[in-house]
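In what follows, a single structure is set out as structure tokens and then discussed.
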Amino acid sequence: AQTVTQSQPEMSVQEAETVTLSCTYDTSENNYYLFWYKQPPSRQMILVIRQEAYKQQNATENRFSVNFQKAAKSFSLKISDSQLGDTAMYFCAFMKQGGGADGLTFGKGTHLIIQP
Amino acid sequence: DTAVSQTPKYLVTQMGNDKSIKCEQNLGHDTMYWYKQDSKKFLKIMFSYNNKELIINETVPNRFSPKSPDKAHLNLHINSLELGDSAVYFCASSQGWQADYGYTFGSGTRLTVV
């Protein structure tokens, strides 16, 4: 079974700053997908960004980018020019290729607070 | 239009009752899931289902059962509710088991057992 570890329970930064959320995972799989989901106070789970393990290029979506280090099994999320609306729980998630019984395996989340 | 919708959004009920949470998706997906988010925000899969196969997480009590009247719906039935069942329950869907693009989640149902 896979495990996902987010070592930062909570982080707080000022608006417009850049913040990096950490995620490490443990797996024996070679082909898999990694995701970051955002859960604002509304409770909705929103997909922020995804990364395919076979791609070396780091995924980017507007202000969100990842630093994927496959050998180190690390998948951090960088948020640039942070905004008040970025305040949310952020979950790192793993899924092996083909899905399977484990489905999406989540970390315990990081509560990100953007201060005005 | 909401892609994955759950009803109700909030459910308060007494111990021992039986309750259901409904989930519908209009994405044309063929695979649906139920997740439980506990008080510490940890998300754990309960069930994975498509029209041919049901996968049950071994830690889920048999008081919980998914029922799918058609591909667009996966309802969650809970019998003999216990205090420890209080949590937020999320429905999700994907196209096939591959789910390369992750899951689309509903907005969750907060269940409170008193």
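Which of the residues belonging to the stretch A:44-76 are of a type in the set (Lys, Arg) and closer than 21 Å to A:THR27 by Cβ? Step through it out loud before you land on a result.
As a first pass, look at the stretch A:44-76 and keep what is of a type in the set (Lys, Arg): A:50, A:55, A:63, A:70, A:73.
Passing the criteria: A:ARG50, A:LYS55, A:LYS70, A:LYS73.
I'm told B:PRO69 meets every condition in (1) surrounded by 13 or more Cβ atoms within 10 Å (Cβ to Cβ); (2) assigned to a loop (DSSP other than H, G, I, E, B) except one. Can you identify the failing condition by its number?
B:PRO69 satisfies every listed condition except (1).
Among the residues that make up the stretch A:39-49, is at least one of them in contact with a Leu (Cβ under 7 Å, 6 or more places away or on another chain) and within 25 Å of B:ASN57 (Cα to Cα)?
No; the residues of the stretch A:39-49 include none that is in contact with a Leu (Cβ under 7 Å, 6 or more places away or on another chain) and within 25 Å of B:ASN57 (Cα to Cα).
From the list A:ALA1, A:ALA16, which one is more than 14 Å from chain B (Cβ to nearest Cβ) and either at pLDDT below 95 or assigned to a loop (DSSP other than H, G, I, E, B) (or both)? Can you show your working first?
Working: A:ALA1 fails: more than 14 Å from chain B (Cβ to nearest Cβ).
Of the residues listed, the single one that is more than 14 Å from chain B (Cβ to nearest Cβ) and either at pLDDT below 95 or assigned to a loop (DSSP other than H, G, I, E, B) (or both) is A:ALA16.
Residue under question is A:SER42, and the condition is that it be more than 16 Å from A:ASN67 (Cα to Cα), without any contact (Cβ under 8 Å) to a residue 12 or more places away in the chain and either out of contact with any helix residue (DSSP H, G or I) (no Cβ under 6 Å at 6 or more places or on another chain) or surrounded by 11 or more Cβ atoms within 10 Å (Cβ to Cβ) (or both); does it hold? So that I can check it myself, show each step before the final result.
Numbers: more than 16 Å from A:ASN67 (Cα to Cα): yes; without any contact (Cβ under 8 Å) to a residue 12 or more places away in the chain: yes; either out of contact with any helix residue (DSSP H, G or I) (no Cβ under 6 Å at 6 or more places or on another chain) or surrounded by 11 or more Cβ atoms within 10 Å (Cβ to Cβ) (or both): yes.
Taking the combined requirement at face value, the residue satisfies it.
If you go through the stretch A:45-78, how many residues are in contact with a strand residue (DSSP E or B) (Cβ under 7 Å, 6 or more places away or on another chain), within 13 Å of chain B (Cβ to nearest Cβ) and either surrounded by fewer than 12 Cβ atoms within 10 Å (Cβ to Cβ) or part of a loop (DSSP other than H, G, I, E, B) (or both)?
3
Where residues in the stretch B:70-114 are hydrophobic (A, V, I, L, M, F, W, C) and over 14 Å from the mean Cα position of the chain (by Cα), which of them is nearest to A:ALA93 (Cα to Cα)?
Of the residues in the stretch B:70-114, the ones hydrophobic (A, V, I, L, M, F, W, C) are B:72, B:74, B:76, B:78, B:81, B:83, B:87-88, B:90-92, B:97, B:99, B:105, B:111, B:113-114.
Right, trim to over 14 Å from the mean Cα position of the chain (by Cα) and you get B:81, B:83, B:97, B:99, B:113-114.
Values: B:LEU81: 29, B:LEU83: 28, B:TRP97: 16, B:ALA99: 13, B:VAL113: 29, B:VAL114: 32 Å.
Only one residue fits best here, namely B:ALA99.
Among the residues of the stretch A:79-108, which ones are surrounded by fewer than 20 Cβ atoms within 10 Å (Cβ to Cβ), in contact with a Ser or Thr (Cβ under 8 Å, 6 or more places away or on another chain) and free of Cβ contacts under 8 Å to residues at least 24 places away in the same chain?
A:ALA101 - this is the single residue of the stretch A:79-108 that is surrounded by fewer than 20 Cβ atoms within 10 Å (Cβ to Cβ), in contact with a Ser or Thr (Cβ under 8 Å, 6 or more places away or on another chain) and free of Cβ contacts under 8 Å to residues at least 24 places away in the same chain.
Inside the stretch A:31-44, can you point out the residues that are basic (Lys, Arg) and part of a strand (DSSP E or B)? Can you show your working first?
So the first thing to find is which residues in the stretch A:31-44 are basic (Lys, Arg), and the list is A:38, A:43.
Passing the criteria: only A:LYS38.
Could you count how many residues in the stretch A:79-116 are among the hydrophobic types (A, V, I, L, M, F, W, C) and outside any strand (DSSP E or B)? Outline the logic, then answer.
Looking only at the stretch A:79-116, we keep the residues that are among the hydrophobic types (A, V, I, L, M, F, W, C), and these are A:79, A:84, A:88-89, A:91-95, A:101, A:104, A:106, A:112-114.
In the following step, the residues that additionally are outside any strand (DSSP E or B) were identified as A:84, A:101, A:104.
Residues that pass the stated criteria total 3.
Would you mind stating whether B:LEU27 is touching a residue at least 40 places away in the same chain (Cβ under 8 Å), over 14 Å from A:ALA101 (Cα atoms) and within 14 Å of chain A (Cβ to nearest Cβ)?
On the way: touching a residue at least 40 places away in the same chain (Cβ under 8 Å): yes; over 14 Å from A:ALA101 (Cα atoms): yes; within 14 Å of chain A (Cβ to nearest Cβ): yes.
The answer is yes for B:LEU27.
How do the pairs read when you match residues in the stretch B:77-105 that are touching a residue at least 12 places away in the same chain (Cβ under 8 Å) and more than 8 Å from every other protein chain (Cβ to nearest Cβ) with residues anywhere that are assigned to a loop (DSSP other than H, G, I, E, B) and hydroxyl-bearing (Ser, Thr, Tyr), using Cβ under 9 Å and keeping only pairs 6 or more apart or on different chains?
Within 9 Å, the pairs are B:SER86/B:SER39; B:ALA87/B:SER39; B:SER93/B:TYR103; B:GLN95/B:TYR101.
Take the residues in the stretch A:90-101 that are at the interface with chain B (Cβ under 9 Å from one of its Cβ atoms) and more than 15 Å from A:ASN31 (Cα to Cα), then tell me which one is modelled with the lowest pLDDT.
Quick first cut of the stretch A:90-101, residues at the interface with chain B (Cβ under 9 Å from one of its Cβ atoms) only: A:91, A:93, A:95, A:97-101.
Adding the requirement that they be more than 15 Å from A:ASN31 (Cα to Cα) leaves A:91, A:101.
On the way: A:PHE91: 98, A:ALA101: 71.
Per the criteria, the residue is A:ALA101.
Could you tell me how many of the residues in the stretch B:40-64 are at pLDDT below 95, more than 20 Å from B:THR104 (Cα to Cα) and either more than 10 Å from every other protein chain (Cβ to nearest Cβ) or not in a loop (DSSP other than H, G, I, E, B) (or both)?
5
The values are calculated or read from the model by the stated rules, or taken from the named source; none is laboratory data. Predicted model only: the values in this text are computed from it and were never measured. Backbone-built Cβ (ideal geometry, glycine too); neighbour counts: all protein chains shown.
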